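The values are calculated or read from the model by the stated rules, or taken from the named source; none is laboratory data. Since this is a predicted model, take the numbers as computed values, not measurements. Note that we place each Cβ from the backbone using ideal geometry, even for glycine, and neighbour counts take in every protein chain shown.
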């Protein structure tokens, strides 16, 4: 089975991917994380949660309140009147709040990636009092501030179902607010397929908020094939929540920030920890965000996908797992226990609808991964299907779950017997997590790509509609 | 669509026409220049032995920006000849192969995948296209099956 999943690059590359264009920037926004960096580099320099903090402060007249947005994981710490928001839409993985998106992207592209601008000598305070002749310099400074990215072409990735309106909005911000000289938009599955060396592929992107399946043919997205479902990382979290709430004894989620100190306890024993006391209440969104950190750790270290063949619920499988060593997980408050058969149940709903645990927000039917693939392929020409199945590209952070590719391979073989099925999943975790960003990074770094960019001039002549015409 | 913008040298088209019309070659192997700006002919040959052609692809190399040598993707044109199982004589088909070994570097794979359309569009008369990512994909029998759509004898 291992031969089905080549791990070509299990060694980190010895060199950067290299390029001619050093000043281009690449931005890849997802629901859970936003990635930004310089074209030609092998990983994004700045990876921040797409969640941001909104801090409320009551004004002096104590009748009105103002809100300040705070970006970056290290700033999301316990504070009073602190809401955690997200600028992306969870169900669509596209931008929902453009004001917040603009601020977030500015924070990353300008504040985090650009060198700090030197304060002109005229107003750095050293030459005070400056009574004369600073007018011109100050004007230049304002000019620079207005076009902070005047020297950086920007390549942005987008979900294949992104709307035309959203694309136009993006180019407007890039051109009008930041003054970028050039712009390009690439669809994430195309970047992922190209980075795997394939112009035609079936791309399975298992992300934080959504899992999508898209067929790519000769570098073009086959629109009718696009399928998506919320079975991503956050859905797995909600599965864990349900499991913990219903287990006996109930497993409490105590995020790290609440714990002041802890004493080691035996497995299964109640936690002995002193909790921190805060003189203020936390918002539910903050608590939820902090719980998510703990659940992420659990997903990374304990959750495993039943490798197949066949479903986990098939007779004998659970007994087999029970006889195998489990994994111990320790909560921030010291409570710990062994996870054996339960850890397979969490991800089973991705494959077997009947195995999914009930979640509070499950009003819509959740399509499983096999269903997504079936639906995607049934919408493409019969002649293209064999080639797509022989070129399945797996990307997205949640695909790093243990056993994921083995199961996917087994499911595909069971669904399409007699067909040649080959999975391609990058061996390096960074290439899986940042697949689309890396593809965009290489593309934007190519010397020949300069003729592809939508230039500022083209934008000024044609308006925002140029994106629809050029970035097909 | 997202393409690299690499150009196709005139030699590529000349060699292709020599293969197609003059039957001067059996196969052509194309590569991207070291600066990834242009697609050029690496080798054009009238050697009829598939294995030699296959070796050519399997041993292809690419130099990365920092000068490291690694496995390299290629494009190839092969003038495939096979006889029909039904006994109705032989057929010639010009086959385009996009060779991108899974163990090549991600930069090379990306550049080749995003430049492919440019070359393909410059060459008129390709009967079949093949995307090959490991050595099994370019075994003679595998390719024959695809090119002949299972009709070869």
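So, in segment A:172-183, how many residues would count as being surrounded by fewer than 24 Cβ atoms within 10 Å (Cβ to Cβ) and either closer than 21 Å to residue A:50 by Cα or out of contact with any helix residue (DSSP H, G or I) (no Cβ under 6 Å at 6 or more places or on another chain) (or both)?
The total comes to 7.
Looking only at segment B:81-93, decide whether some residue is in a strand (DSSP E or B), touching a helix residue (DSSP H, G or I) at 6+ places or on another chain (Cβ under 6 Å) and closer than 17 Å to residue A:424 by Cβ.
no
Hey, could you check segment A:420-460 for residues that are within 11 Å of another protein chain (Cβ to nearest Cβ) and without any contact (Cβ under 8 Å) to a residue 40 or more places away in the chain and say which is nearest to residue B:131 (Cα to Cα)?
Filtering segment A:420-460 for residues that are within 11 Å of another protein chain (Cβ to nearest Cβ) and without any contact (Cβ under 8 Å) to a residue 40 or more places away in the chain, the one nearest to residue B:131 (Cα to Cα) comes out as A:420.
Applying the selection to segment B:141-153, what residues are touching a residue at least 40 places away in the same chain (Cβ under 8 Å) and exposed (fewer than 13 other Cβ atoms within 10 Å of the Cβ)?
Answer for segment B:141-153, where residues must be touching a residue at least 40 places away in the same chain (Cβ under 8 Å) and exposed (fewer than 13 other Cβ atoms within 10 Å of the Cβ): just B:153.
Across segment B:9-58, what is the number of residues that are under 14 Å from the mean Cα position of the chain (by Cα) and outside any helix (DSSP H, G or I)?
Summing the residues that are under 14 Å from the mean Cα position of the chain (by Cα) and outside any helix (DSSP H, G or I) in segment B:9-58 gives 15.
Exactly one of (1) within 14 Å of another protein chain (Cβ to nearest Cβ); (2) at pLDDT 95 or above is unmet by residue B:65. Its number?
Here residue B:65 clears every test but (2).
If you check A:465, A:427, which single one turns out to be under 20 Å from the mean Cα position of the chain (by Cα) and at negative phi? Lay out the reasoning, then the answer.
Details: A:465 fails: under 20 Å from the mean Cα position of the chain (by Cα).
Within the list A:465, A:427, the selection yields A:427.
Here is a yes/no grid of residues against (1) closer than 21 Å to residue A:384 by Cα; (2) more than 8 Å from chain A (Cβ to nearest Cβ); (3) modelled with pLDDT under 90:
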| residue | (1), (2), (3) |
| --- | --- |
| B:80 | no, yes, no |
| B:88 | no, yes, yes |
| B:110 | no, no, no |
| B:134 | yes, no, no |
| B:141 | yes, yes, no |
| B:148 | yes, yes, yes |
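Test residue B:100 against the stated conditions and say whether it is within 14 Å of chain A (Cβ to nearest Cβ), within 23 Å of residue A:197 (Cβ to Cβ) and out of contact with any helix residue (DSSP H, G or I) (no Cβ under 7 Å at 6 or more places or on another chain).
On the way: within 14 Å of chain A (Cβ to nearest Cβ): yes; within 23 Å of residue A:197 (Cβ to Cβ): yes; out of contact with any helix residue (DSSP H, G or I) (no Cβ under 7 Å at 6 or more places or on another chain): no.
For residue B:100, the condition - within 14 Å of chain A (Cβ to nearest Cβ), within 23 Å of residue A:197 (Cβ to Cβ) and out of contact with any helix residue (DSSP H, G or I) (no Cβ under 7 Å at 6 or more places or on another chain) - is not met.
Where residues in segment A:298-308 are more than 11 Å from residue A:240 (Cβ to Cβ) and at pLDDT 90 or above, which of them is surrounded by the fewest Cβ atoms within 10 Å (Cβ to Cβ)? Let's see the steps before the verdict.
As a first pass, look at segment A:298-308 and keep what is more than 11 Å from residue A:240 (Cβ to Cβ): A:300-301, A:304-308.
From what's left, at pLDDT 90 or above: A:300-301, A:304-307.
Numbers: A:300: 12, A:301: 15, A:304: 19, A:305: 22, A:306: 26, A:307: 18.
So, considering only residues that are more than 11 Å from residue A:240 (Cβ to Cβ) and at pLDDT 90 or above, the one surrounded by the fewest Cβ atoms within 10 Å (Cβ to Cβ) is A:300.
Table: residues versus (1) farther than 30 Å from residue A:352 by Cβ; (2) in a helix (DSSP H, G or I); (3) away from chain B (no Cβ under 13 Å).
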{"residue": "A:169", "(1), (2), (3)": "yes, yes, yes"}
{"residue": "A:175", "(1), (2), (3)": "yes, yes, yes"}
{"residue": "A:197", "(1), (2), (3)": "yes, no, no"}
{"residue": "A:243", "(1), (2), (3)": "no, yes, yes"}
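Could you check segment A:199-221 and list, in sequence order, the residues that are touching a residue at least 60 places away in the same chain (Cβ under 8 Å), touching a helix residue (DSSP H, G or I) at 6+ places or on another chain (Cβ under 8 Å) and not in a strand (DSSP E or B)?
A:200, A:207, A:208, A:209
What do you reckon, is residue A:221 within 14 Å of chain B (Cβ to nearest Cβ), at pLDDT 95 or above and surrounded by fewer than 23 Cβ atoms within 10 Å (Cβ to Cβ)?
Judged against the criteria, residue A:221 is a match.
Say we look at segment B:112-125 and pick out the residues that are part of a loop (DSSP other than H, G, I, E, B) and in contact with a helix residue (DSSP H, G or I) (Cβ under 7 Å, 6 or more places away or on another chain); which of these is farthest from the other protein chains (Cβ to nearest Cβ)?
Of everything passing the filter in segment B:112-125, B:125 is farthest from the other protein chains (Cβ to nearest Cβ).
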